[in-house]
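S.K.: Before anything else, here's the structure in question.
Please treat every number below as a calculation from the coordinates, not as lab data. Values in this document were obtained by computation on a predicted structure and should not be read as measured data. Cβ sites come from the backbone with ideal geometry, for glycine too, and all protein chains shown count toward neighbours.
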Amino acid sequence: MSETGSLLVGLVCPACGTAVDHRQPVGTCPSCGGTLFAEYDLDRLDGRTWLRSLRDRPARLWRYRELLPVGRADAIVSLGEGGSPIFPLGAIPEAPDLTVVVKDDGGLPTGSFKARGMTAAVSRAKELGLRELYVPSAGNAGVALAAYGARAGMRVRIYLPERTPAPQRNACSSYGAEVRSVPGTIREAGETARTTEKGRGSFDVSTLREPFRVEGKKTMGLEIFEAGGNDGLPDAILYPAGGGTGLIGMEKAFSELARIGLLHRIPRLYAVQPDGCAPVVRALAEGAERVTPWADPHTVAPGLLVPSPFASERILAAVRSTKGGGVTVTDGEIVHAMRQLAERHGVSASPEAAAPYAALARLRARGDLRPGETVLLYLTGTGLPFSIEELERAVGVTAPPR
Ligand SMILES: Cc1ncc(COP(=O)(O)O)c(C=O)c1O
Ligand SMILES: [Zn+2]
C-alpha cells in the first residue's frame, strides 16, 4: 500500500492544551468542546528540499501531502482540485495606486474553494473507515461534500437554510445527497442537524467541528506562497469571512511554512463581511476575544450569513497575529462589485467572492492598504449560478446604463 508521507502526528486543542490521538475519528475536543487542530512533525521536513521536490508533482492540492492529514494514498478522494490561478486584475479606478491580484477558486470542482476542505475531510474520513457524513451548509460546502461523498461511495446528508439559492440546493441533490431544509440561518441548520443525527452513527463535517477541512483550506496559503516565494507574497489578502475557516487555514499554512524555514513575512489577513452580518469585524473593532452573536442577520451573500461562527477566538487570533483587520461592505456594494468584476475584468464572482473587491476602496481610504502595496483578493467561488440582475433588484441597486 502506498504511503503519502503525511507527517501528521496528532491533534491538539489550543484552547485547553488537550492532545488527542489522531488515529480514530474525532470531532471537537473531548475536554472543552473546542476545535482540534492537526499537528505535523515539521522537524522531519527540510523546507528547501521539500519545496524543490514539489516541482515534479502535479499542480494540484495533494502535492502538499506531507502537510495534509491522509497517510494512505488509496484513501485520497480527489476530483483534481487545487492549483487555482493567480493573476493581476488590472487598473482599478477606486484604488489606482495598488497592485491588485486575484486568486480564483471559481474553477475548482463544484465551483468554490469548499472543494479544498472537503477533499481533505472526506479523504481522512475514508481512511478512518467512516461511511456516513452530514453537514449544515449555506450551500457551497454542501455541494462540495455531496460531490466528494459520492466519489467516496459514502452516504451524505445536508442541512440547508431554507433560503439557500436553488442552484446549490439542486446541485446537492444531483450528487445523490439527502437534502433537508431548515428555517433560519446556518446556525439553526447546525442545531437541527446535530439533534437529528444524534445516535445515527454519522459523522459531523461542520467546519471547525472536525479537524481536517481547515487542513484542506490551508492549501490556499501554501499555493499563494509557492506561486511567488517570499518576494512575490502579497502585502495583504482580502477574504470573505463567514465561518472563518479560510482565515484560520491560511494563517496555519503561513505559520507552518515559517516553521520549516521557508516563509519570512506573513501577509496581513483582512476579514471582509457584509454590514448586515459582521460579527467578526465587530469583535475585531472592539478588541473582543470572541464574537457575540449578530442579531437579525441578513445579506445577499449566503456563505457570509454566519451570525455566530464556531471557534471565533481562533479566527480573531489568526487575523490579529498577521496584523490584518476587518471591514464591512453593503449588499449594494457586493452586487455592484459582482458586475464590475464581470464587466470590467471578465471575472465571475459569487456574492461572497465579490465582497473583497467591494472592500478595496474603503480599506485604501482608511489607510489599511498603502500606495504601492500588492493586494490579493481571494475569489472563493464562481458567480455563474447567479443572476446579477436579479440580485440588483433584490438589493435595490440599478444596473449601469448601456
Ligand atoms: C463562496 C464562499 N465564500 C466564502 C465563504 C465563507 O468561508 P469561511 O467559512 O472560510 O469563512 C463561503 C461559505 O459558505 C462561501 O461559500
Ligand atoms: Zn480543549
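S.K.: Within 10 Å, Cβ to Cβ, of THR382, how many net charges do the neighbouring residues add up to if Lys/Arg are +1 and Asp/Glu are -1? Walk me through the numbers before you get to the answer.
M.R.: On the way: positive: none; negative: ASP104, ASP105.
Spelling it out: positives minus negatives among the neighbours equals -2.
S.K.: Run through every distinct alpha carbon pair of region 197-332 and return the Kirkwood hydrodynamic radius in angstroms, one decimal place.
M.R.: 15.5
S.K.: What list of whole percents do you get for P(r) of the chain, with Cα-Cα distances grouped in 20 Å bins up to the one holding the largest distance?
M.R.: Once binned at 20 Å, the Cα pair distances of the chain give 29, 61, 9, 0.
S.K.: Determine, from the Cβ-Cβ distance of ARG259 and ASP97 and an R0 of 41 Å, the FRET efficiency 1/(1 + (r/R0)^6), rounded to the nearest 0.05.
M.R.: Values: r = 34 Å, r/R0 = 0.84.
In this case the efficiency is close to 0.75.
S.K.: For region 348-359, what does the Karplus curve 6.51 cos²θ - 1.76 cosθ + 1.60, with θ = phi - 60°, yield as ³J(HN,Hα) per residue in whole Hz, taken in order and with x for Gly and Pro?
M.R.: Working through the residues one at a time gives 9, 10, 5, x, 4, 5, 7, 4, x, 4, 5, 7 Hz.
S.K.: Work out Dmax and Rg for region 288-402 from the C-alpha atoms and quote the Rg first, both in angstrom.
M.R.: In Å, with Rg to one decimal and Dmax whole: 15.3, 48.
S.K.: If you put +1 on each Lys and Arg Cβ and -1 on each Asp and Glu Cβ, how big is the dipole of the chain around its Cα centre, in Debye rounded to 20? Don't skip to the answer; put the middle values down first.
M.R.: Working: 47 positive and 44 negative charges, 109 e Å.
The dipole of the chain has a size of about 520 debye.
S.K.: Find the all-direction average of the projected area of the Cα convex hull for region 276-341, expressing the result in square nanometres with one decimal place.
M.R.: For region 276-341, averaging the hull's shadow over all directions gives 4.9 nm².
S.K.: On to the next question. Name every cysteine in the chain that ends up alone, with no second cysteine's Cβ under 4.7 Å, or say none.
M.R.: If one checks each Cβ against the other cysteines of the chain, CYS172, CYS277 turn up with nothing under 4.7 Å.
S.K.: Counting each DSSP H run of 4 or more residues in the chain as -39500 (n - 2.57), what helix-only mean residue ellipticity at 222 nm follows after dividing by all residues, to the nearest 500 deg cm²/dmol?
M.R.: Roughly -11500 deg cm²/dmol at 222 nm, from the helical runs in the chain.
S.K.: Apply 1/(1 + (r/R0)^6) to the Cβ-Cβ distance of ASP231 and ALA288, taking R0 = 22 Å, and write down the FRET efficiency to the nearest 0.05.
M.R.: The calculated FRET efficiency here is 0.05.
S.K.: Among the listed pairs LYS114/LYS252; LYS126/LYS217; LYS198/LYS218, which are separated by more than 20 Å between their Cα atoms?
M.R.: LYS198/LYS218
S.K.: If you rank HIS298, HIS22, HIS345, HIS264 by fewest surrounding Cβ atoms within 10 Å, what's the result?
M.R.: HIS264, HIS298, HIS345, HIS22
S.K.: How large is the translational diffusion coefficient of region 11-70 in µm² per second when you combine the Kirkwood radius over alpha carbon pairs with Stokes-Einstein at 37 °C and 0.692 mPa s?
M.R.: 244
S.K.: Return SER6, SER31 ranked ascending by Cβ neighbour count within 10 Å, so the fewest neighbours appear first.
M.R.: Fewest-to-most Cβ neighbours within 10 Å comes out as SER31, SER6.
S.K.: Moving on to the next point. Give me the one-decimal Kirkwood hydrodynamic radius in Å for region 97-207, with the sum taken over alpha-carbon pairs.
M.R.: Working: mean 1/r = 0.0703 Å⁻¹.
About 14.2 Å for region 97-207.
S.K.: Okay, next question. Please identify, among ARG48, ARG194, ARG169, the residue showing maximal mean-square fluctuation in a Gaussian network model of the chain using a 10 angstrom Cα cutoff.
M.R.: ARG48
S.K.: When the Karplus curve 6.51 cos²θ - 1.76 cosθ + 1.60 is applied with θ = phi - 60°, which whole-Hz ³J(HN,Hα) does each residue of region 95-109 get, with x for Gly and Pro?
M.R.: For region 95-109, the Karplus-derived couplings read 8, x, 9, 10, 9, 10, 10, 10, 10, 9, 8, x, x, 6, x Hz, x marking Gly and Pro.
S.K.: Within a 10 angstrom radius of the beta carbon, how do THR28, THR195 rank from fewest other beta carbons to most?
M.R.: THR195, THR28
S.K.: Got a sec? Charge dipole of the chain, +1 on Cβ for Lys and Arg, -1 for Asp and Glu; which of VAL327, CYS29, ALA283 is way out at the positive end?
M.R.: CYS29
S.K.: Once amide H atoms are built 1.01 Å from N in the peptide plane, which residues 5 or more positions from LEU262, or in another chain, come under 5 Å H to H?
M.R.: Residues meeting the criterion, in which the H sits 1.01 Å from N, do not exist here.
S.K.: How high is the relative contact order of the chain, in percent, counting Cα pairs under 8 Å that sit 6 or more residues apart?
M.R.: For the chain, the relative contact order is 17 percent.
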